[in-house]
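Remarks on the structure that follows.
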Amino acid sequence: MSQPRSQQKNVATDTRLRRLPSVSALLEMRDASVLVERYGRVALTHAIRAVIAEARNSLREDAAEPPDACTLLERATALLEREEHTSLQPVFNLTGTILHTNLGRALLAEAAISAAVASMRDSVTLEYDLEQGSRGERDEHVRALLCELTDAEDAAVVNNNAAAVLLCLNSLALGREAIVSRGELIEIGGTFRMPEIMARAGATMVEVGTTNRTHIRDYRDALNAHSAVILKVHTSNYRIQGFTAEVTAAELAVLARESGVPLMHDLGSGNLIDLSRYGLKSEQTVREAVVQGAQLVSFSGDKLLGGPQAGIIVGDRALIERIRQNPLRRALRIDKIRLAALEATLKIYRNPERLVERLPTVKFLSRTRSEIEIQARQLRAAVGKALGDGFSVELCDCSSEVGSGALPLETLPSAGLAIRARIGSASGAVEGLARALRRLSRPIIGRIHEGRLLLDLRCLADADGLLKSLAELPSAWTAQPPNQ
Ligand SMILES: *Cc1c(COP(=O)(O)O)cnc(C)c1O
């Protein structure tokens, strides 16, 4: 009696599946012992199981012959090698955004890197007072420096600026009212939204004014016995333009003094130096915000400051002390590695004349268009050669951005390379190239604009490294053809 076709097919599949080598057979192969030595038996067994499962699935899908033991072990090796790759990969940031939040914001100064490494390798005096031989205070390592650089009375440091804002509001306004202008209800990066932070801090948000216009009388009218803080927020990633009115921090400071309700100023980026010397619009510095009379000023460590992720709070001694006593502070504290990096970064600011050479963020900010163009000219031919005949590479003008919500409307004239697919190339060739560049062992991240891949060279510190990476391209292309 003849079987139905589908059953015949099942029998054939079962036969092929049975011919797949077993996990133990693969583990007993001679080459496996080298892999056990290198990756450990557990990881190897795991990888072998994964490749066998994959082979079993594809045997069910098509009528191919089962892979032999050697092939499977090779696949397991490749899988183990892929898993060895760091997930948090160093890349070339050629996006033109200096402080790219998704690419880790500021690059640290060498002094900060060394300090961070040293703090990892040894026990450190994180909360230890060497003089007294007793428990010390984490903030102590940067407190004097921050006071010196900002003219504030006291300073505290936490995990990031979002934590700083949360902690300040919770310390000052738990169960009470926080007054803020409707024009300053910011959202940053999707999850930091002022109304929600207020709610989580346990403060009742009292909105005053309108989206485009807020007046000092709006704040004054909102003040009452439950008022705990007046909050001024830097509108970091947007500008309200047109028919507008904003109350300055200096005016609010006067109201704060009169009413006895403290003013907190969330500066966001918080630069310690005047940026106009680098051709940027002059933004208020932290020192200016302190001098204007805000009782608390908060800002990030890894935006324009150019340090590690951190949230810095400076201001009035009594208020900072209250913040230190808040039990939430423990949950929001900074670790020793970043604290070490922050201390080293702040020390660089004691000698502003040498910032450009020492602090990568300031170095990138201060590079001129013509300087970058010279670099682009030097690289153009070599990049063109590495990309092959399918693409043309030209010099182009770029507009860099500071990023991370600092100076949202400002652009810095820059230069770079524009890569275009030559006539006759497959459609999607530029996207394919961008993908191939992201798959290099040190990925190159550019930006596609109007059909061209733009590489803004403002943040390129290692041109030789870039060319070395590009040299991998032919193999990367064969491994992952661009039209896939
Ligand atoms: C960036 C920013 C924050 C959040 O700072 P993080 O360091 O990203 O936590 C808060 N407030 C303002 C105004 C900002 O610009």
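Quick check: residue separation of residue 422 and residue 331 times 0.36 nm, minus the Cα distance between them. What number comes out in nm? Spell out each step's value before the answer.
Working: separation 91, 0.36 × 91 = 32.76 nm, distance 5.50 nm.
Full extension of this stretch gives 27.3 nm more.
Assuming a ≥ b ≥ c are the square roots of the Cα gyration tensor eigenvalues, decide whether region 283-326 counts as rounded (a/c under 1.5), prolate (otherwise, with a/b larger than b/c) or oblate. Oblate.
Taking only alpha carbon atoms, region 1-154 gives an Rg to Rh ratio of 1.31, where Rh is the Kirkwood radius.
Distance between the C-alpha centres of region 427-472 and region 36-68: 34 Å, rounded to the whole angstrom. With the simple model of a label 7 Å out from the Cα in the direction of the Cβ, residue 49 to residue 123 spans 4.1 nm.
Inverting the mean 1/r over all pairs of different Cα atoms, compute the Kirkwood radius of the chain and quote it in Å.
26.5 Å
Checking the Cα-Cα distances for 303/347; 303/363; 281/347; 363/468; 232/363 against a 20 Å cut-off, the pairs over it are 281/347; 363/468; 232/363. Considering only the Cα atoms of region 95-146, their convex hull presents on average a projected area of 5.5 nm². Remark on residue 400: its backbone amide H falls under 5 Å from those of 412, 414, a criterion applied only to residues 5 or more positions apart or on other chains, H modelled at 1.01 Å from N. Rounded to 0.05, the FRET efficiency of the residue 113 and residue 221 pair, given R0 = 56 Å and the Cβ-Cβ distance, is 0.65. 3J(HN,Hα) along region 121-133: 7, 10, 5, 9, 7, 4, 10, 9, 9, 5, 4, 8, x Hz, from the Karplus curve 6.51 cos²θ - 1.76 cosθ + 1.60 with θ = phi - 60°, whole Hz, x for Gly and Pro. Each of the peptides 143-153, 412-422, 59-69 was scored by the mean count of other Cβ atoms within 10 Å over its residues; in descending order, highest first, they stand as 412-422, 143-153, 59-69. Give the separation of the Cα centroids, region 363-422 to region 95-159, in Å. After rounding, the separation between the Cα centres reads 33 Å.
Straight-distance candidates among the aspartates and glutamates for linking to residue 9, with alpha-carbon spacing under 15 Å and chain neighbours fewer than 8 residues away dropped: 61, 62, 65.
Extending 7 Å from Cα along the Cβ direction at residue 17 and again at residue 134 yields two label points whose distance is 7.2 nm.
FRET efficiency for the residue 61 to residue 83 pair, using the beta carbon distance and R₀ = 25 Å, is estimated at 0.50.
With the convex hull of the Cα atoms taken as the outline of region 319-458, the averaged projected area works out to 13.0 nm². DSSP beta bridges fully contained in the chain are about 60 percent antiparallel.
Throughout, read-outs are computed from the coordinates displayed, never taken from laboratory work. Computed from a prediction, not measured in an experiment: that's the story for all the values here. Don't worry about glycine lacking a Cβ; one is built from the backbone with ideal geometry, like all the others, and counts go over all protein chains shown.
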